[in-house]
Structure formats: C-alpha cells, structure tokens
1. Looking at (1) in a strand (DSSP E or B); (2) more than 19 Å from residue 210 (Cα to Cα); (3) at pLDDT 90 or above, which one does residue 103 not meet, given that it meets all the others?
2. Looking only at the stretch 60-91, count every residue that is part of a helix (DSSP H, G or I) and either modelled with pLDDT under 80 or on the phi > 0 side of the Ramachandran plot (or both) and tell me the total.
3. With the condition kept exactly as written, say whether any residue in the stretch 175-187 is loosely packed, with under 13 Cβ neighbours inside 10 Å and either at pLDDT below 85 or closer than 21 Å to residue 61 by Cα (or both).
4. Given the options 76, 99, 129, name the one that is over 21 Å from residue 181 (Cβ atoms), surrounded by 14 or more Cβ atoms within 10 Å (Cβ to Cβ) and in the same structural domain as residue 190 (by TED's automatic domain parsing).
C-alpha cells in the first residue's frame, strides 16, 4: 500500500508540474516579462524532466525497461529533439545557439542501416534531453549535437563551449539521475556506454552509445 501511495503522489506531482509549466509558458509570452519569469519556466521544465527520469529509473529497477524499437531517421530525430527543447539563455543572459552539427556526423560504410537505426525513440530522446540540459548549465553560448554510426551501434554526442571538466567552474562528472538514466537506456538497448570527457577542441563532450538491432 505504501508503494502504491508513493507512486500516486509522484504522478500527482508530475501532473502538477506540467500544469505549472503551461502557466509559466503563457506568462513568458506576455510582453515585458522579467528575466526571472524565463528562469522560473526553465527550472520548472528541468524539475519535471528529473521527475520523469526518476520514474523511468524506478521502472527500470523494478521491472526492467522494455524498449519499443522503431526505425528512425537519425538526423531527423536529432533535429526534432532540438525543436522541442525549451529556449534557454547562457550564464550572462545571452541566447544559446543549439544546433545539429552535420559536419561531424559520421556513418561507417558497413553500417546496417545507413543514417537510420532501430531504437526506442522516447527513451533515447529522454537521455539526449538530459545531456542537453547538463550542457546548457555550463555552455558559454553554444551547444552542438551529432551522431556517429558504426556497424551495429550508434553514438550520440553533445558538446558545449564551456570551460570543460578540469576547470573549477566546469562540468563536474555526475553520478546523479541523468547519468543513471542514460545507463539504463543503454542497458535497455542491449548494452552500450556513457561518457563525459573534455572535448578535443574545448568544452565538455558527452557520448551515449547504443547497440542497434
């Protein structure tokens, strides 16, 4: 009974956050809204996403995640992921540039489905959104997203132009819900890996590798 009650309470909080998010979104469309209103909207979205991630992890630990595999166009999937991401501003208030960097996309000649893969679109999207949120916390003004496809796996990459991992203000390696969620998504796809390192040209580089059917 206690477990059932806890689940009901968590779902009720999630629904309440969704309503609050809608109210804050409408507020932000009003002219002359202060910067605090935009920040409150962004924090509400992040809190709701953390709660959804927690619920997904709970389901994974209790029952295991069973992915709903569908064929997706990888480039279109990344573009759609950015389209639904909330607008954000950098540390100093200027707008972020979030983009799919097509110049960094790599597709191996022996990839089973060149440019497409069988993945759980919902779970993979959650993991990438979590990585994007982390990148937005530390970026100076730019975040890039791309994929690298090999024979039987695909790696999604997120890089920011922040100070990197070694800087005191950089992306400290996290062992929180976001990383746990990404690992659960990788496990649901038959294995894979999650990493956060310094990018070769600065900033922090996140990689999520998923095995594909």
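The values are calculated or read from the model by the stated rules, or taken from the named source; none is laboratory data. This one's a predicted model, so the numbers in the text were calculated from it and none came from an experiment. Positions of Cβ are generated from backbone atoms using ideal geometry, with glycine treated the same way; all protein chains shown enter the neighbour counts.
1. Result: residue 103 fails condition (1) only.
2. Taking the stretch 60-91 and keeping what is part of a helix (DSSP H, G or I), we get 60-63, 74-83.
Filter once more, keeping what is either modelled with pLDDT under 80 or on the phi > 0 side of the Ramachandran plot (or both): 60-63.
Result for the stretch 60-91: 4.
3. Quick first cut of the stretch 175-187, residues loosely packed, with under 13 Cβ neighbours inside 10 Å only: 175-176.
With the extra rule that they be either at pLDDT below 85 or closer than 21 Å to residue 61 by Cα (or both), the set shrinks to 175-176.
Yes, the stretch 175-187 contains a residue that is loosely packed, with under 13 Cβ neighbours inside 10 Å and either at pLDDT below 85 or closer than 21 Å to residue 61 by Cα (or both).
4. Exactly one residue qualifies, and that residue is 99.
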